[in-house]
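*Asks:* The structure follows.
Readers should treat all values here as calculations from the given coordinates under stated rules, not as data from a laboratory. These numbers come from a predicted model, not from an experiment. Methodologically, a virtual Cβ is constructed for each residue, glycine included, from the backbone with ideal geometry; neighbour enumeration extends over all protein chains shown.
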Amino acid sequence: MTKENAEKRIKELRELTEYYAGKYYDDDAPEISDFEYDMLMVELRNLENEFPEFLDKDSLTQKVGGHVKEGFEKVEHEVPLQSLLDIFNFDDLKAFDERVKKVADENNTVLKYVVETKIDGLSVSLEYKNGEFVRGATRGNGLVGEDITENLKTISHIPQKLKENIDIIVRGEVFISKEGFEKLNEEREILEQPLFANARNAAAGSLRQLDSRETAKRPLDIYIFNVQKSDSIEFSSHYESLKYLEKLGFNVNPVKVLCNTIDEAIEAINKIGDDRESLSFGIDGAVIKVDDLRLREILGTNYKTPKWAIAYKYPPEKKETKLKDIICQVGRTGAITPMAILEPVRVAGSLISKTTLHNEDFIKEKDLKIGDTVVIQKAGDVIPEVVEVVKDKRTGIEKEFEMPKVCPVCGADAVREEGEAVWRCIGIECSAKLFRSIVHFASREAMNIKGLGYSIIDELLNRELIKNIADLYSLTIDDFKSLKKDGKKFAQNLYDAISESKNNELYRLINALGIRHVGVKGAKILARKYKSMDNLINASYESLLMTDDTGDITANTIYEFFRQEQTIDLINRLKAAGVNMIEEEDENSDNRFDGMTFVLTGALEKYTRDEAGEIIEKFGGKTSGSVSKKTTYVLAGEDAGSKLDKANKLGIRVISETEFDEMIL
């Protein structure tokens, strides 16, 4: 490669790695696999080594990829939290061993290694004074991290008080177990929240919550793997320091193998690779560390990485197999996902017989046909994926696949909306999405049935006490009593809450039906315009399109929703149960805010934002989440941010809470 081309490629790689590192470390939303990112870094490092005149201290080969986020206090690490140099073959590992062995021999030191799992999580430091946990921080850029002490206190395996009154700083990895990650994404799917790409990003996002109560809801755990600093006790061996940390009460990395030679280290690495499927936590490699701490000091560090440790990354294993069939599964949100049925093949320690094909676009992009020979890959602990088709092995009898236009579970229409890659079942009584439908129906912003939570709904379905949403209204007190031991009071309260929900405002029922793109605000607009459920059912597409804040996609979604047999069947059942279907006439005819749009920002003292929004709507106004030229007023509380700045820039009138009070008197 010419010097000119090398300079150009190095620049491209730096831009790419900076972008992908930002998505990974700062946004917790990776866009490429770890292996793809690693290969970009390897290419960049090799080019910089070949053309050292283009080496730059700002290259990610010379620094840690993370940054310190706003909203957290900065913490300067007393001992830098460095990253590790990644290698992908045992030749490089043996070269590392030769470099270390030379220094060990020169200093008459017995060379031993400790091999540990490289846990796939977020690195943190924990600081203890006199045995008390006083501060915890993220790695950040290695020199400066984020103070996340309160969030770390929610993790049960972080001791608040050690078994000895010592001063010590340790380093660990916060992670979410494989089982915990699956459950977390199941809950997010039910709530129609974006799914986490992997457990590492779920852990990182959880630790960076500004409200520690939100962090406490996440299944976080931690393993400690290093003593960063100790003024109270000196160690000569890393392995012995880990044993000591266990005695202090720390949850130490359970996989740590003391090795006398590099061959023993390679054996340990292979053993970890063979066993990684059985581990309860995800890993993205193995770490090889010099055990002797005095030798570590002699070896020293580079700016970014220590010279006494290295990370072995397991290469993704690929295997060929037959794509026997493609079937479709329906998730709890109604998303219809194509699934590859494969001739069973063992990949990276797992027997793979099926894997997701994501969506229709993925199948077309890969040009997949039923009967194809395909390449399957499973890098580390990620979900197996179809990498490519072996087109040379096609025989001509392969079959094209088409996404079903009706739900394979209930037969209702399946739709793919503009701008989306997913086909969805829109049948409200579909058994595949019934759990999620009832959760939404009972939620606070819908029918607000207090006491009807996840576990109760799950139990009602498991016992077949309900088979659709309307069955809630036929349940008896005795049905509820059967769910809990000594549950008399619980049963009465839940029975009363369901009964009371029959009298809810119409907008709550509209929202409870779970029409896509229709939330609380849209439901209120529809209730005010159409006055009854029957009128809404019979509304034409053109009429819906003329409704405030209703665009083409939403209007079509509402219209098609009420053309479904399942929708009409459910509404008729709810009518028979006595659920209110009519919008009561508002006695208040004061429309002083008619035609006005308010934007709420900052912390209000007298009202919550929901309360202020309800008052505005009561007087005929609207609320919006963004400031534009169409905004009439911006109601600003304390710590108002960018919305206030934009309002001032556009000349929009900004009002205080006191002025708002005067407007509604």
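*Asks:* Can you give the relative contact order of the stretch 543-665 as a percent, counting alpha carbon pairs under 8 Å and 6+ residues apart? Could the numbers behind the result be given before it?
*Replies:* Values: 140 pairs, mean separation 25.2, N = 123.
The value is 20 percent.
*Asks:* On to the next question. Can you classify the stretch 410-456 as rounded, prolate or oblate using the Cα gyration tensor, where a ≥ b ≥ c are the square roots of its eigenvalues, rounded means a/c under 1.5, and otherwise it's prolate if a/b beats b/c and oblate if not? Can you show the working numbers first?
*Replies:* Numbers: a/c = 3.07, a/b = 1.99, b/c = 1.54.
In terms of gyration-tensor shape, prolate.
*Asks:* So, counting K/R as plus one and D/E as minus one, what does the shell of residues with Cβ under 15 Å around L368 add up to? Display every interim value, and only then the final one.
*Replies:* Working: positive: K322, K324, K354, K364, K366, K369, K391, K393, R394, K399; negative: E320, D325, E343, E360, D361, E365, D367, D372, E385, E388, E398, E400, E402.
Residues near L368 contribute -3 overall.
*Asks:* Between helix 262-275 and the chain, what is the angle of the helix's C-alpha long axis to the longest principal axis, kept within 0 to 90° and rounded to the nearest 10?
*Replies:* Between helix and principal axis, roughly 20 degrees.
*Asks:* If you average the alpha carbon positions of the stretch 293-329 and of the stretch 205-253, how far apart do those two centres end up, in angstrom?
*Replies:* Answer, in whole Å: 22.
*Asks:* Given [x] 3, 12, 18, 21, 20, 15, 8, 3, 0, 0; [y] 3, 16, 27, 27, 18, 8, 2, 0, 0; [z] 3, 13, 19, 18, 15, 11, 9, 7, 4, 1, 0 as candidate values of P(r) over Cα pairs in 10 Å bins from 0, in percent, which corresponds to the one derived from the coordinates?
*Replies:* Matching the structure shown: [x].
*Asks:* How many angstrom separate the Cα center of the stretch 533-605 from the Cα center of the stretch 478-495?
*Replies:* Rounded to whole Å, the Cα centres lie 34 Å apart.
*Asks:* Of the peptides 502-513, 243-254, 156-167, how do they stack up when ordered by the mean number of other Cβ atoms within 10 Å, highest first? Mind dumping the intermediate values first?
*Replies:* Numbers: 502-513: 20.1, 243-254: 17.2, 156-167: 14.4.
Descending packing order for the listed peptides: 502-513, 243-254, 156-167.
*Asks:* From the Cα gyration tensor of the stretch 317-393, with a ≥ b ≥ c the square roots of its eigenvalues, which class applies: rounded if a/c is under 1.5, or else prolate if a/b is larger than b/c, or else oblate? If you can, show how the numbers build up before the last one.
*Replies:* On the way: a/c = 1.79, a/b = 1.23, b/c = 1.46.
Oblate, because a/c is 1.5 or more while a/b does not exceed b/c.
*Asks:* Contact order normalised by length for the stretch 597-664, with contacts defined as Cα pairs under 8 Å and 6 or more residues apart; what percent is it? Could you put the intermediate results ahead of the total?
*Replies:* Working: 103 pairs, mean separation 26.0, N = 68.
Worked out over the stretch 597-664, it gives 38 percent.
*Asks:* Taking a Cβ-Cβ separation under 4.7 Å as the criterion for a possible partner, which cysteines of the chain have none?
*Replies:* Lone cysteines by the Cβ rule: C259, C328.
*Asks:* With a 10 Å Cβ neighbour count serving as the proxy for reagent exposure, in which order, fewest first, do K118, K364 appear? Present the calculation step by step, with values, prior to reporting the outcome.
*Replies:* Working: K118 24, K364 10.
Least to most surrounded, the residues fall as K364, K118.
*Asks:* Going by Cα centres, the stretch 99-141 and the stretch 402-432 are how many Å apart?
*Replies:* Value for the Cα centre distance between the two parts: 51 Å.
*Asks:* Let me ask something additional. If packing is taken as the mean number of other Cβ atoms within 10 Å per residue, what is the order of 462-468, 285-291, 391-397, highest first? Numbers along the way, then the final one.
*Replies:* On the way: 462-468: 13.0, 285-291: 24.4, 391-397: 9.0.
The packing order, highest mean first, is 285-291, 462-468, 391-397.
*Asks:* Okay, moving on. Once you list every other residue whose beta carbon is under 9 Å from the beta carbon of K74, what net charge do they have if Lys and Arg are +1 and Asp and Glu are -1? It would help to have the intermediate numbers written out before the result.
*Replies:* Working: positive: none; negative: E73, E76, E146, D147.
That sum, taken over residues with Cβ under 9 Å, equals -4.
*Asks:* How large, in Å, is the stretch 298-352 by the Kirkwood hydrodynamic radius built from its alpha-carbon pairs?
*Replies:* Numbers: mean 1/r = 0.0638 Å⁻¹.
The answer is 15.7 Å.
*Asks:* While we're looking at this one, here's another question. Under a straight-distance cross-link criterion of Cα-Cα below 25 Å, which lysines are reachable from K630, leaving out those fewer than 8 residues away in the same chain?
*Replies:* The reachable lysines, counting only those whose Cα sits under 25 Å from K630, are K521, K524, K529, K618, K622, K643, K646, K649.
*Asks:* Which order do peptides 437-445, 106-114 fall in by mean Cβ count within 10 Å, highest first? Intermediate values should be presented prior to the final figure.
*Replies:* Values: 437-445: 20.1, 106-114: 15.7.
The peptides rank, most packed first, as 437-445, 106-114.
*Asks:* Can I ask one more? Hey, what did the stretch 426-576 get for relative contact order, percent, Cα under 8 Å, at least 6 apart?
*Replies:* Working: 154 pairs, mean separation 38.6, N = 151.
Value for the stretch 426-576: 26 percent.
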